[in-house]
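Engineer: Submitted below is the structure of interest, expressed as structure tokens.
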Amino acid sequence: GESVGLHLPTLSVQEGDNSIINCAYSNSASDYFIWYKQESGKGPQFIIDIRSNMDKRQGQRVTVLLNKTVKHLSLQIAATQPGDSAVYFCAETLTVGTSYGKLTFGQGTILTVHP
Amino acid sequence: DAGITQSPRHKVTETGTPVTLRCHQTENHRYMYWYRQDPGHGLRLIHYSYGVKDTDKGEVSDGYSVSRSKTEDFLLTLESATSSQTSVYFCAISLGTAIGEQYFGPGTRLTVT
């Protein structure tokens with residue numbers, strides 16, 4: 001609904017620029033992190049993941065960086081395109097114990113790409 | 001869309017009535033999840049299932065129950081709907097190879113009046 005935009009961080013970029021979306025995660029015990037993209041009216045779509053034994057992972061036009069010291073995750077999108085306009089969510093979970101597979105999502109960041 | 005369908009896609013119901021949402025998958029994946037999405041809260045896990053008749057609670061399970069009698073169907077029931085349960089509900093499946101790599105259905109928009 002329209003109230004979403006009042007609460008979410010926003011990032012506005014020009015087509016062709018690189019975008020950096022940041023996320024502070026909450027649980028220092030989390031060992032697996034994921035980025036999702038959600039376009040208007042659709043369910044979230046998996047983008048890329050990273051385990052806590054890595055600092056960086058690259059995909060197609062996307063890179064995820066993990067800084068466990070400060071519990072920070074970032075998603076870098078190269079050569080941003082209008083089709084990248086969406087809400088981006090980070091998520092965290094543990095790969096062991098009773099929380100295995102239970103994702104905790106951040107609130108999201110709205111990315112708007114201008115032609 | 002990994003063969004995930006949700007029904008109904010939209011529903012308006014009155015406070016106090018029971019409501020059941022259905023999630024159907026066609027590829028026999030073991031793990032299935034129900035989330036709700038509200039402005040300012042992102043997605044929150046309600047319940048999940050790791051096999052037929054095997055379910056567990058998520059972050060916001062109060063007021064909800066689930067059942068999974070067949071691999072392909074995961075049902076979410078609001079026993080007595082309240083206005084606070086007005087939300088968009090998403091079902092998801094995990095392929096099992098990477099637990100965080102979940103595939104989401106199209107969502108059900110539920111309004112409780």
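Engineer: How many residues are open to solvent by 50 Å² or more (accessible area, probe 1.4 Å), at the interface with chain B (Cβ under 9 Å from one of its Cβ atoms) and not in a strand (DSSP E or B) when one looks only at the stretch A:29-53?
Structural biologist: 2
Engineer: Related question: Just one of the numbered conditions (1) facing chain B (nearest Cβ under 9 Å); (2) without any contact (Cβ under 8 Å) to a residue 60 or more places away in the chain; (3) open to solvent by less than 20 Å² (accessible area, probe 1.4 Å) is not true of A:Leu73; which one?
Structural biologist: Answer for A:Leu73: the failing condition is (1).
Engineer: Please enumerate the residues belonging to the stretch B:21-77 that are within 13 Å of chain A (Cβ to nearest Cβ) and in a loop (DSSP other than H, G, I, E, B).
Structural biologist: Within the stretch B:21-77, B:His29, B:Arg30, B:Pro39, B:Gly40, B:His41, B:Gly58, B:Glu59, B:Val60, B:Ser61 meet the criteria.
Engineer: Now for a separate question. Within the stretch A:10-28, does at least one residue satisfy the condition of being at the interface with another protein chain (Cβ under 8 Å from one of its Cβ atoms), in contact (Cβ under 8 Å) with a residue 40 or more places away in the chain and open to solvent by 20 Å² or more (accessible area, probe 1.4 Å)?
Structural biologist: No.
Engineer: Now a separate question. Of everything in the stretch A:103-115 that's open to solvent by 50 Å² or more (accessible area, probe 1.4 Å) and within 8 Å of chain B (Cβ to nearest Cβ), which residue is nearest to B:Phe104 (Cα to Cα)?
Structural biologist: The qualifying residue nearest to B:Phe104 (Cα to Cα) is A:Thr104.
Engineer: Could you check, for the stretch A:87-94, whether at least one of its residues is at pLDDT below 95, within 13 Å of chain B (Cβ to nearest Cβ) and part of a loop (DSSP other than H, G, I, E, B)?
Structural biologist: no
Engineer: Sticking with this one: Scan the stretch A:95-115 for residues that are over 10 Å from the mean Cα position of the chain (by Cα), modelled with pLDDT of 90 or more and not polar (S, T, N, Q) and jot them down.
Structural biologist: If the condition is that a residue be over 10 Å from the mean Cα position of the chain (by Cα), modelled with pLDDT of 90 or more and not polar (S, T, N, Q), then A:Leu103, A:Ile110, A:Leu111, A:Val113, A:His114, A:Pro115 are the ones that fit.
Engineer: With respect to B:Pro39, determine if the residue is out of contact with any strand residue (DSSP E or B) (no Cβ under 9 Å at 6 or more places or on another chain), of a type outside the set (S, T, N, Q) and surrounded by 14 or more Cβ atoms within 10 Å (Cβ to Cβ).
Structural biologist: So B:Pro39 passes the test.
The values are calculated or read from the model by the stated rules, or taken from the named source; none is laboratory data. Owing to the predicted nature of the structure, the values given are computational and were not obtained by experimental measurement. Cβ sites come from the backbone with ideal geometry, for glycine too, and all protein chains shown count toward neighbours. All accessible areas refer to the heavy atoms of the entire protein, side chains included, with ligands and DNA or RNA removed. Shrake-Rupley method; radii C 1.70, N 1.55, O 1.52, S 1.80 Å.
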